[in-house]
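The values are calculated or read from the model by the stated rules, or taken from the named source; none is laboratory data. Owing to the predicted nature of the structure, the values given are computational and were not obtained by experimental measurement. Note: ideal-geometry Cβ built from the backbone for every residue, glycine included; neighbour counts use all protein chains shown.
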Amino acid sequence: MSRVSIQAEDFDIAAELAALEACGGGGVASFTGIVRGGEGLTALELHHYPAMTMAQVGRIVEDAMARWPLLGVRVIHRYGRLAPGERIVFVGTASRHRTAALESCAFLIDWLKSHAPFWKKEHFSDGSARWVEARVEDDAKARGWLE
Amino acid sequence: MAALTILYFAWVREAIGRDEEKVERPETGTSIAELIAKLATRGDGYAQALGDPEKLRAALDQKFVPLDTIIGEAKELAIFPPVTGG
């Protein structure tokens, strides 16, 4: 079972985890990304390149399934305007054993954080806004997995 | 030959003021960097968005490619800043 959704709406983590638990493995690992607040941040605006996002995320999920013995993979990424505290991304993996589930989950989120064609704009309470710049360390981390 | 569709994202889109446009297909052998340099001469928004290619990344037909890639027969070119993920 593998499913990818790129959507504006929020998602139900309990339902997603239950679906992964029903894959028949011995372990489920997951990561949920939340919009981090602070410094007067009022909203995060996410843009993406729809035609490319689905193809790219689909490919990396296939990579993960070839690399680890996985029974289930679920990726959800939101776009649009999100407030601090809102869920932004979910990665869940199911496998017979914990190592494969944990490692593949980390691999997928590192890749999403650095290579998925998303751009973020931060909006602040004083009315200002700025585009987030790419983080060098995210790029290095994702490359590490591919070496 | 069919026109080339160019998509812009993030601050490149904001500076240029449009999210997509069709342009005449560049001469055979033209690279993305060469097309970007040509577009940058179009005026204010273009110069601001495309004046510093070091800050730009590109995709041809939905695949990331280096800026020195030849455009060739590709249908869709996307120009954007480095992605900032989820």
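Quick notes on this one:
- In the range A:30-44, the residues that are on the phi < 0 side of the Ramachandran plot and either under 16 Å from the mean Cα position of the chain (by Cα) or of a type in the set (G, A, S) (or both): A:S30, A:F31, A:T32, A:G33, A:I34, A:V35, A:R36, A:G37, A:A43, A:L44
- Being modelled with pLDDT under 95, crowded, with 16+ Cβ neighbours inside 10 Å and within 14 Å of chain B (Cβ to nearest Cβ) is a property that holds for A:H115.
- The set of residues from the range A:1-37 being assigned to a strand (DSSP E or B), of a type in the set (V, I, T) and surrounded by 14 or more Cβ atoms within 10 Å (Cβ to Cβ) comprises A:V4, A:I6, A:V28, A:T32.
- Counting the residues of the range A:39-55 that are farther than 14 Å from A:V4 by Cβ and either of a type outside the set (D, E, K, R) or in contact with a Gly (Cβ under 9 Å, 6 or more places away or on another chain) (or both) gives 9.
- When each of B:E34, B:E24, B:E54 is tested for being loosely packed, with under 15 Cβ neighbours inside 10 Å, out of contact with any His (no Cβ under 8 Å at 6 or more places or on another chain) and more than 14 Å from chain A (Cβ to nearest Cβ), the lone residue that passes is B:E24.
- Scanning the range B:60-80 for residues that are crowded, with 19+ Cβ neighbours inside 10 Å and either in contact with a helix residue (DSSP H, G or I) (Cβ under 6 Å, 6 or more places away or on another chain) or more than 11 Å from chain A (Cβ to nearest Cβ) (or both) yields a total of 5.
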